[in-house]
1. Report yes if residue 30 is buried (at least 16 other Cβ atoms within 10 Å of the Cβ), among the hydroxyl-bearing types (Ser, Thr, Tyr), away from the ligand (no atom under 11 Å from the Cβ) and not in a loop (DSSP other than H, G, I, E, B), otherwise no.
2. Just need a number here: residues in the stretch 150-170 that are under 16 Å from residue 195 (Cα atoms) and in a helix (DSSP H, G or I).
3. Only one residue in 59, 7 is within 13 Å of the ligand (Cβ to nearest atom) and more than 13 Å from the chain's Cα centre (by Cα), so which one is that?
4. Would you please list the contacts, defined by Cβ atoms under 7 Å and residues six or more apart or on different chains, that run from a residue in the stretch 185-198 that is open to solvent by less than 40 Å² (accessible area, probe 1.4 Å) to a residue that is part of a helix (DSSP H, G or I)?
5. Within the set of pairs 6 or more residues apart or between chains, which connect a residue that is closer than 25 Å to residue 14 by Cβ inside the stretch 51-79 to a residue that is open to solvent by 70 Å² or more (accessible area, probe 1.4 Å) and within 16 Å of the ligand (Cβ to nearest atom) with Cβ atoms less than 8 Å apart?
6. In the stretch 1-27, which residues are of a type in the set (A, V, I, L, M, F, W, C) and surrounded by 16 or more Cβ atoms within 10 Å (Cβ to Cβ)?
7. Quick one: would you say residue 65 is within 11 Å of the ligand (Cβ to nearest atom) and open to solvent by less than 10 Å² (accessible area, probe 1.4 Å)?
8. For the stretch 10-27, name all the residues that are away from the ligand (no atom under 16 Å from the Cβ) and either in a strand (DSSP E or B) or among the hydroxyl-bearing types (Ser, Thr, Tyr) (or both).
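The values are calculated or read from the model by the stated rules, or taken from the named source; none is laboratory data. Please read these numbers as outputs of a predicted model, since none were measured by experiment. No Cβ is skipped: glycine too gets one built from the backbone with ideal geometry, and neighbour counts run over all protein chains shown. Side chains included, ligands, DNA and RNA excluded: accessible areas come from the protein's heavy atoms. Shrake-Rupley method; radii C 1.70, N 1.55, O 1.52, S 1.80 Å.
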Amino acid sequence: MLEIQHLTRSFGGIKAVDDCSFSAVQGKITALIGPNGAGKTTVFNCISGIERMEKGNILYEHQDVSHWRDYERAEAGIARTFQLLRIFKNCTVYENVALAVHDRDQHLIPSFFGFNRLKEEDEKKIADVLTRVKLYDMEDTVASELSYGQQKLLSLARALLQPHRLLMLDEPVAGVNPVLRQDFVMLFKNLRDEGETIFLIEHDMEFVMEIADHVIVMNEGKVLKQGTPAEVRNDPRVLEVYLGK
Ligand code: ATP
């Protein structure tokens, strides 16, 4: 689904990402982990096209998208969430997800103040996704009134509702309470079983070990190790990066 070849990006003298190569396989969950400042967000930004890369190639579904604009990549099916949530805080849960159902025929925004309901098919999709993220009975709640974990779920719901083939999620469980976090574990496993391709950044190791099929560990801009959760967990270099010598 996604193949990154020799990705490199510097800021001033700092090589934030230094010659990184890896791939994310269709229908699997791939996790990108590493300590703070390892270069994970920069990798995500380069893939989604909001950051320019210096060197390397990004292949998405066998097409070289390295020079595509961010919106062209989004239109091609790369959906993404952000560490700092990008939701409409003053809008309701329903309005937030309705705006994510991207359909050029529906002219949703001009009718926003009267807020026409959407096509039946889209309403069904929204109800289904809101049920899955446990926000169904909060449709009319203003987003700013949700807990942080629920806001994360709302941002995930928005990503799920965008037409996509690759879901890129930046720290989906950071700051989420332990009960909701367990819901996320189930949700991700179910999404994978349904064929979603998920590529995520996450600091919560237990979560990563529980759900990921493939783990890529970055440190100081480089790929330190990649493999199954068990392979990564038992690698002395990975332990050293996380725990010290
Ligand atoms: P975290 O887990 O803390 O989010 P990260 O692994 O996502 O970290 P990045 O945010 O990609 O790491 O940062 C990698 C390096 O690049 C860091 O040294 C960071 O300070 C630097 N960096 C990132 N973005 C910029 C920028 N816009 N300007 C200057 N330096 C930057």
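1. Details: buried (at least 16 other Cβ atoms within 10 Å of the Cβ): yes; among the hydroxyl-bearing types (Ser, Thr, Tyr): yes; away from the ligand (no atom under 11 Å from the Cβ): yes; not in a loop (DSSP other than H, G, I, E, B): yes.
Against the criterion (buried (at least 16 other Cβ atoms within 10 Å of the Cβ), among the hydroxyl-bearing types (Ser, Thr, Tyr), away from the ligand (no atom under 11 Å from the Cβ) and not in a loop (DSSP other than H, G, I, E, B)), residue 30 qualifies.
2. Residues meeting the conditions: 3.
3. Values: 59 fails: within 13 Å of the ligand (Cβ to nearest atom).
None of the others qualify; the one that does is 7.
4. Listed by first residue and then by second, the contacts come to 185/207; 185/210; 185/211; 187/132; 188/211; 198/188; 198/191; 198/192.
5. Final answer for the pair search is 55/19; 56/19; 70/50.
6. Step one: filter the stretch 1-27 for residues of a type in the set (A, V, I, L, M, F, W, C), giving 1-2, 4, 7, 11, 14, 16-17, 20, 22, 24-25.
Residues satisfying the conditions are 1, 2, 4, 7, 16, 17, 20, 22, 24.
7. Details: within 11 Å of the ligand (Cβ to nearest atom): no; open to solvent by less than 10 Å² (accessible area, probe 1.4 Å): yes.
Considered against the rule, which asks whether it is within 11 Å of the ligand (Cβ to nearest atom) and open to solvent by less than 10 Å² (accessible area, probe 1.4 Å), residue 65 comes out as no.
8. So in the stretch 10-27, the residues away from the ligand (no atom under 16 Å from the Cβ) come out as 21, 23-27.
Scanning the stretch 10-27 gives 21, 23, 24.
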